[in-house]
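Each remark here refers to the structure printed beneath this line.
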Amino acid sequence: MIYDLIIVGGGPAGMAAGIYAARQKLNTLLITKDFGGQMARKAVAIENYPGFGEISGFELINKFAAHLKKFPVEILQDAVVRIKKTGQTFSIFTKNKKTIQAKAVIIASGADPRPLELPGEKKFIGKGVSYCTACDAPLFAGKKVAVVGGGNSGFEAAIALSKWSKKIYVLERGSKVRADQRNQEIAKKTGKIEIITDVVLKEVKGKNFVNSIVYQDKKRKNNITLSVEGIFVEIGSQPATSFVKGLVGFNKRDEIKISLETCQTKTPGLFAAGDVTIIPYKQIVIAAGQGTIAALSVSNYLSKQSEG
Ligand SMILES: Cc1cc2nc3c(=O)[nH]c(=O)nc-3n(C[C@H](O)[C@H](O)[C@H](O)COP(=O)(O)OP(=O)(O)OC[C@H]3O[C@@H](n4cnc5c(N)ncnc54)[C@H](O)[C@@H]3O)c2cc1C
């Protein structure tokens, strides 16, 4: 069997694409590692999605998913590891060794958290090193933790952690934090958050679990070992594109180049939407909008294919 469309990704871009594809009567399969994507990592409420004054990431995911499930879109929980095009047909290979074919594909695989790339970091993932405050904050109740990154995501993570942890260090490599004033004020009010600037991270240390992070004070040039049981990494994200190399072009940030009118990549029939693309503003409403453009473009592409 050949699907009209396979969508890769179950974040806002993928789910919006699924809704629109079903309404275009495209026989669609959505393959995703998880539902919700980055919305699930959002530690505090979402305040800028139109129609919902304030809503938690999990609630918004559930609303997107419930809406999608009203339509006949097949869903497969799996990871896509490779895409190949032969003639007019795409073959999608998954981690669970499935090979599935489609006439068109939308890549909506978003972005993964950017790792620190420090010695010890990988070893302690799930044992003190976390990339998801919304998921893991309660595990650090009563403990000292560090948040790496002094932007809004770092501050929001620190504020969310202040409900659980007894002390939170925000580690920033620059000489000033970059979070907006409002987040800085809320952080100050918690009385639990200490900001350390001019930090060059060196190593994550521990035995079975993390027990410290080592950094160099850029100004004094001395190494400092900070005792913490948790490290929350909030230094941005990187596009999830490893499975699609060769079929698409990238900009210097490794984002997929598309036509902003149609979401078409350089390969006919292969579209991309959301944070994985060159679109400059990485927001839920924009990802959903791009998913919509991509699905409507696929419908157009398939109509032209069948005509000609
Ligand atoms: C901490 C934080 C706070 C944020 N706050 C806001 C906010 O307040 N308001 C706002 O508008 N935006 C916010 N954003 C940005 C917003 O979350 C993103 O712009 C949006 O989620 C992008 O949607 P997407 O569908 O493109 O990608 P993602 O949300 O990243 O979803 C990608 C999906 O693809 C899946 N996937 C990835 N690789 C594969 C693969 N190989 N095979 C199968 N599936 C795969 C993932 O599992 C995931 O389901 C925030 C982001 C973060 C990290």
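The values are calculated or read from the model by the stated rules, or taken from the named source; none is laboratory data. Owing to the predicted nature of the structure, the values given are computational and were not obtained by experimental measurement. Every residue, glycine among them, receives a Cβ derived from its backbone with ideal geometry; neighbour counts consider all protein chains shown. Remember, those area values only see protein heavy atoms, side chains included, never the ligands or the DNA or RNA. Shrake-Rupley method; radii C 1.70, N 1.55, O 1.52, S 1.80 Å.
Test of the criteria: in segment 80-131, which trypsin sites (Lys or Arg not before Pro) are in a DSSP loop and have at most 15 other Cβ atoms within 10 angstrom of their Cβ? Present the calculation step by step, with values, prior to reporting the outcome.
On the way: sites: 82, 84, 85, 95, 97, 98, 103, 122, 123, 127; in loops: 95, 97, 98, 127.
Loop-located and lightly packed - 95, 97, 98, 127.
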The correct pair for segment 1-152, radius of gyration to one decimal and Dmax as a whole number, both in Å and from Cα atoms, is 18.1, 59
Segment 77-123, Kirkwood Rh and Cα Rg, ratio Rg/Rh at 1.16
Here the Kirkwood hydrodynamic radius of the chain, Cα-based and in Å, equals 20.6
One finds the C-alpha centres of segment 4-65 and segment 252-288 to be spaced, in Å, by 16
Exposed-loop cut sites defined as chymotrypsin sites (Phe, Trp or Tyr not before Pro) in DSSP loop states with at most 15 other Cβ within 10 angstrom; longest site-free run of the chain spans 53-208
Among GluC sites (Glu not before Pro) in segment 21-67, those in a DSSP loop whose Cβ has at most 14 other Cβ atoms within 10 Å are 47, 54
Of the residues 30, 17, 1, the Cα lying farthest along the dipole of segment 1-68 towards its positive end, which is defined by charges on the beta carbon of Lys, Arg, Asp and Glu, belongs to 1
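Please report, in debye to the nearest 20, how large the charge dipole of segment 5-162 is about its Cα centre when each Lys and Arg carries +1 at its beta carbon and each Asp and Glu carries -1 there.
Details: 21 positive and 11 negative charges, 149 e Å.
Its charge dipole is roughly 720 debye.
Compute the convex hull volume of the Cα atoms of segment 2-86, divide it by the residue count, and report the result per residue in Å³ as a whole number.
So the per-residue Cα hull volume is 102 Å³.
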In Å, the Kirkwood hydrodynamic radius from C-alpha pairs for segment 137-209 sits at 12.4
Computed over the chain, the relative contact order (Cα-Cα under 8 Å, seq sep at least six) in percent reads 21
With every protein chain kept in place and a 1.4 Å probe, segment 153-256 has an accessible area per residue in Å² of 56
With +1 at each Lys and Arg Cβ and -1 at each Asp and Glu Cβ, the charge dipole magnitude of the chain around its Cα centre, to the nearest 20 debye, comes out at 780
Cys residues of the chain with no disulfide-compatible partner (no other Cys Cβ under 4.7 Å) are 263
Row for segment 47-130, column shape: gyration tensor on C-alpha, a ≥ b ≥ c, rounded if a/c < 1.5 i.e. under 1.5, prolate if a/b over b/c, else oblate; value oblate
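Given a cut-off of under 8 Å on Cα pairs at least six residues apart, what relative contact order in percent is computed for segment 1-124?
For segment 1-124, the relative contact order is 32 percent.
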